[in-house]
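Read the structure below first, then the notes.
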Amino acid sequence: MRTQAGTCAEAAAVSGPGRREPDACLRTAPAQIVEIVSDSGEGAQTAGQLFGTVCAKMGNGVWTVEIIPAEIEPPARSREGASGIRIRFGTEPVTNMGNKADVVVAFNEQVLYSRIDQDALRPGTVLFIDDKWAASSDARTREDYGKALQDFRERGYDVREIPIEEQTRKHTETPQRGKNMWVLGLLSALYNRDLAPAMDEVRLLFERRRKGEAVIELNHQLIRSGYTWGMEHLDQRFDIPARPHRESMVVMNGNAAVAMGCIAAGIEVCSMYPITPATSASHYMAGVFHTAGGFLHQAEDEIGAIGFALGASYAGKTAVTITSGPGMALKTELIGLAVMAEIPIVIVDVQRGGPATGLPTKVEQGDLLSSLFGQPGDVPKVVIAPSSIEECFQFMITARKLAETFRTPVIVLTDANLATGQTPFAKPKASEEWLSPPVDQSPWKKGVPAYAWDSETGLSARPIPGQPDGAFVLTGLAHDEHSHVAYASAKNQQAMRMRSRKMAALQKTLKPPKVHGDEDGDLLVVGWGSTRGAIEEAVDEIRRDGQRVSSLHIRFLAPIEPGLREIFGRFRRVMTVEINYSDELTDPLIDADSRRYAQLAWLLRAHTLVDVDCWSRVPGQPLPPHLIETAIRERLEGER
Amino acid sequence: MYGLKTDWPAEIPPRYFTLQEYEGSLPRWCPGCGDHGVLTAVQRLCRDEQLEPEKTVFVSGIGCASRFPHYMKAYGFHGLHGRALPVACGIRARRPDLHVFVATGDGDCCSIGAAHWVHAVRYNMNMVLMLLDNNVYGLTKNQTSPTSLKGRKTNTHPRGAWLEPIDPIQTTLGIQNASFVAQTVDWNPPHVLATLKAAHRHPGMSFVRILQRCPHYPNQDFVELQNNPAKLLLLTHADGIEVDDAVKRMFKNRQEHDPSDLDGARRLADREDAVPVGLFYRNDSADRYDRNTVEGLATSRRDKIAALEAELSRYEI
Ligand SMILES: Cc1ncc(C[n+]2csc(CCOP(=O)(O)OP(=O)(O)O)c2C)c(N)n1
Ligand code: SF4
């Protein structure tokens with residue numbers, strides 16, 4: 001075996017390969033970050049998800065992030081083709097992908113480079129790499145592999161060549177489709193996991209994929225093989241203590257949570273056009289929506305998708321459309337119509353990198369301002385952003401209610417990080433109160449106009465086709481309370497006022513957000529959406545040094561949560577941390593006059609008149625806590 | 001007594017809707033605009049078929065023709081330019097109890113809304129699509145439309161339109177799953193009514209192109225057609241559009257055409273010597289997407305919650 005003796009002194013002392021006393025080298029660790037990277041199609045993600053589920057089942061906190069190549073079948077052994085997964089797990093709950101990896105399992109050396117490019121490794125990271133390339137029949141491959149390994153060692157990684165393919169081949173002729181399971185076995189040994197739950201999960205997975213007993217048995221064999229090999233050869237293993245859950249837990253990604261939230265909200269129509277990274281939500285719904293009385297419509301384009309949803313909603317059926325940035329752009333005009341004619345609708349934007357086609361599979365928080373202001377004219381509407389996967393579920397229920405109560409579009413901003421990240425959370429207790437009410441078909445009260453705006457709140461009830469005496473012609477033209485086309489200036493002013501007033505009415509029902517950390521201090525870090533876990537982790541780290549830093553997370557972006565100005569006033573400085581573009585003051589030509597701010601900062605500056613600073617990046621991946629930490633520390637030091 | 005029966009029926013007499021009950025606000029189209037006649041025909045249709053106004057929805061885009069819903073007394077959705085069809089399909093999807101009509105113009109349907117036109121025809125959901133084709137953009141004041149004849153001078157092509165127009169009938173016939181394709185002319189009200197009646201009764205998407213005069217930006221072609229009825233060719237068949245002899249006599253030229261004959265329909269649409277009116281094609285057994293979209297409509301609240309719980313359990317660890 002080429003596996004080198006590691007740092008587990010006792011183990012090395014007592015045993016050689018194959019005869020090691022397994023528990024001798026077991027060490028307890030509070031948390032670990034492990035990655036599996038492979039060529040596309042080698043199943044790293046499947047293995048990683050299974051491993052994450054097993055950890056979650058045992059009671060560990062878990063967060064998994066997928067590493068997704070941009071193409072379906074990128075060339076093998078290429079950096080851009082790297083496909084994989086990161087699993088961060090620990091004794092405490094995990095809210096984000098964390099910093100550098102502790103362990104990486106790589107199926108070849110080239111895909112590993114993509115992780116190095118992403119700054120995902122540190123000196124000391126243990127690197128398990130398939131040794132098959134050393135014996136490749138292709139001289140060039142052998143050479144590349146050898147060079148890379150030397151390079152990895154120079155970079156300080158703890159390189160372990162292991163026989164992934166060789167071992168897998170003992171069980172199957174097609175090791176590309178089995179290596180992942182062998183690695184799952186290896187990780188189970190490395191992290192002292194019971195095999196039984198892994199076996200159960202594999203069975204479930206393949207049953208869901210309608211595979212027979214033979215396939216399940218083969219995969220079980222591979223897991224056992226990886227496990228046995230690991231127990232015999234690993235010179236260091238880890239135990240990550242778990243706390244068994246007291247309540248039932250579920251584990252899913254943000255897109256599944258959004259889709260399940262649609263079901264929970266009693267939404268009847270989901271109308272969409274395929275777009276990464278939103279599509280998996282519809283894939284999920286396509287399989288199950290009908291069991292909950294819903295219908296998924298794949299439209300001819302995003303305009304058709306929202307048009308269909310608006311038609312359904314106008315006819316009294318609650319509807320959602322799910323998309324990403326480019327789709328949002330196409331829906332713009334109809335979102336404006338929904339504002340103008342007060343048609344309830346829920347619009348989910350799973351944000352990706354923009355503008356244009358941008359970074360289709362990668363995270364960005366670039367659609368905040370366009371969601372708020374992206375349509376011509378004045379377009380008051382509700383914009384909310386869940387900050388966790390659990391909130392992806394809950395916010396759909398809230399969004400549906402808001403849309404109908406306030407007769408308005410509600411935009412739910414998630415992102416690629418939430419969409420593909422997985423983490424366990426308490427199993428929601430389903431309630432009939434979540435469901436939309438049945439369509440009202442009772443006679444409409446004669447004489448009550450279609451927009452009988454309450455003069456204080458702007459709220460009004462809407463007639464639904466089928467209601468006798470309620471007939472009205474909805475129009476996108478300026479209209480009065482009867483929905484009659486009205487160009488008179490006073491009428492237009494009144495209608496605009498009423499549509500805007502609804503937002504104030506909603507805002508008055510909201511509570512100020514809770515500060516994470518002390519209620520006052522030197523610096524307040526403000527975020528929105530998927531960054532909450534990473535920001536809070538960074539802030540906690542800095543607070544441990546006695547620094548007076550707190551953070552605040554905003555979920556209602558429009559209408560904006562109340563009390564912000566007052567909260568900001570208790571801190572010497574306020575800054576946002578966001579995954580979108582902003583100018584750096586240190587860049588050429590950039591000064592306080594020319595600087596373009598990050599999107600939430602822009603909004604908060606306008607809203608509070610506080611000189612809100614920002615630090616934002618567009619790395620095409622979630623912000624790791626350590627980068628946020630560095631940014632905050634720099635701001636604190638700049639102060640002195 | 002008095003020879004009257006004494007056993008009065010106890011049921012409430014059915015509601016009867018008069019023509020006036022379908023009349024919305026006063027039409028604002030130009031005098032002589034072909035849209036007026038179509039509006040009257042539609043109101044007659046509603047009266048003849050006794051469509052409950054609260055169960056009837058008129059959907060439109062933007063354009064002169066798209067003002068249609070305002071002039072009906074029924075539910076209406078006067079949306080955005082080109083987007084009537086997705087909205088209509090969404091309304092139809094979960095409300096099989098509603099009668100859905102779409103009023104659209106040649107710019108609205110065949111230009112900005114062309115993608116939706118193709119797909120809505122293919123979805124074949126039960127509704128009537130009235131294409132009020134005046135070969136020009138009326139509302140925005142005389143620009144070339146995709147159905148404007150080559151050479152027609154407009155504000156955007158003062159030297160004449162460069163290209164041959166799209167033929168809405170031929171195009172619709174070319175879409176898989178098209179199930180009802182008819183043509184009529186606004187200046188023959190009984191034929192318009194008969195065509196719309198057949199369209200309304202057809203189970204699926206009924207595409208009706210109505211050649212519509214725009215006296216404000218007149219199309220010489222239509223003026224000629226009206227002056228020289230011999231250029232119109234009435235399509236007749238037992239399965240076609242039912243018209244009485246008086247209407248038949250309005251047409252000098254008639255031809256038997258079996259509406260199940262798609263190739264024949266295409267040849268007719270290609271004819272340059274005559275403008276066929278009547279039913280080109282009908283297929284009552286084409287797939288209907290609205291049979292799919294109603295899936296699960298009757299799901300009870302309890303079943304919805306049960307489905308949610310089953311799903312959550314699948315993700316339970
Ligand atoms: C997105 C958008 N683009 C352009 C317009 C301007 N517009 C309104 S109606 C129309 C064309 C109308 O022509 P047609 O559909 O043939 O109807 P007609 O007025 O002739 O009945 C245009 C271009 C608009 N309202 N919205
Ligand atoms: S411009 Fe033409 S189409 Fe428009 S209302 Fe006048 S006559 Fe009718």
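The values are calculated or read from the model by the stated rules, or taken from the named source; none is laboratory data. Just so it is clear, the model here is predicted, and its values are computed rather than measured. Cβ placement follows ideal geometry from the backbone for every residue including glycine, while neighbour counts extend to all protein chains displayed. With ligands, DNA and RNA removed, areas are computed over all heavy atoms of the protein, side chains included. Shrake-Rupley method; radii C 1.70, N 1.55, O 1.52, S 1.80 Å.
In table form, for the structure just shown:
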| item | result |
| --- | --- |
| Count - residues of the stretch A:272-312 that are within 7 Å of another protein chain (Cβ to nearest Cβ) and hydroxyl-bearing (S, T, Y) | 1 |
| The stretch A:237-258, residues that are out of contact with any strand residue (DSSP E or B) (no Cβ under 8 Å at 6 or more places or on another chain) and modelled with pLDDT of 95 or more | A:A256, A:A257 |
| Filter result for the condition that a residue is of a type outside the set (A, V, I, L, M), surrounded by fewer than 22 Cβ atoms within 10 Å (Cβ to Cβ) and either modelled with pLDDT of 95 or more or more than 32 Å from the chain's Cα centre (by Cα) (or both), over A:D200, A:D119, A:D144 | A:D144 |
| Which numbered condition A:A106 fails, given (1) in contact with a strand residue (DSSP E or B) (Cβ under 7 Å, 6 or more places away or on another chain); (2) open to solvent by 10 Å² or more (accessible area, probe 1.4 Å) | (2) |
| Residue tally, condition among the basic types (K, R) and away from ligand 1 (no atom under 13 Å from the Cβ), over the stretch B:206-240 | 1 |
| Test: residue in the stretch B:93-103 that is touching a helix residue (DSSP H, G or I) at 6+ places or on another chain (Cβ under 6 Å), in contact (Cβ under 8 Å) with a residue 12 or more places away in the chain and either within 16 Å of ligand 2 (Cβ to nearest atom) or under 18 Å from B:D221 (Cα atoms) (or both) | yes |
| Residues within the stretch B:26-53 that are assigned to a loop (DSSP other than H, G, I, E, B) and either without any contact (Cβ under 8 Å) to a residue 60 or more places away in the chain or within 14 Å of chain A (Cβ to nearest Cβ) (or both), tallied | 7 |
| Residue check for B:S179: modelled with pLDDT of 95 or more and within 16 Å of ligand 2 (Cβ to nearest atom) | no |
| Given (1) within 30 Å of B:A93 (Cβ to Cβ); (2) aliphatic (A, V, I, L, M); (3) more than 16 Å from ligand 2 (Cβ to nearest atom); (4) open to solvent by less than 40 Å² (accessible area, probe 1.4 Å), number of the condition B:I210 does not satisfy | (3) |
| Checking B:R94 against (1) within 16 Å of ligand 1 (Cβ to nearest atom); (2) closer than 19 Å to A:A312 by Cα, the condition it does not meet | (1) |
| Selected residue (criterion: nearest to ligand 2 (Cβ to nearest atom)) from residues of the stretch B:216-256 that are crowded, with 16+ Cβ neighbours inside 10 Å and touching a residue at least 60 places away in the same chain (Cβ under 8 Å) | B:H216 |
| Hits in the stretch B:113-141 - residues which are surrounded by 18 or more Cβ atoms within 10 Å (Cβ to Cβ), within 16 Å of ligand 1 (Cβ to nearest atom) and among the polar types (S, T, N, Q) | B:N134, B:N135 |
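To keep it simple, each residue is scored yes or no on (1) away from ligand 2 (no atom under 16 Å from the Cβ); (2) over 17 Å from B:A65 (Cα atoms); (3) touching a Cys at 6+ places or on another chain (Cβ under 6 Å).
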| residue | (1), (2), (3) |
| --- | --- |
| B:C89 | yes, yes, no |
| B:G105 | no, no, no |
| B:H116 | yes, yes, no |
| B:M127 | yes, yes, no |
| B:M130 | no, no, no |
| B:G138 | no, no, yes |
| B:T144 | no, no, no |
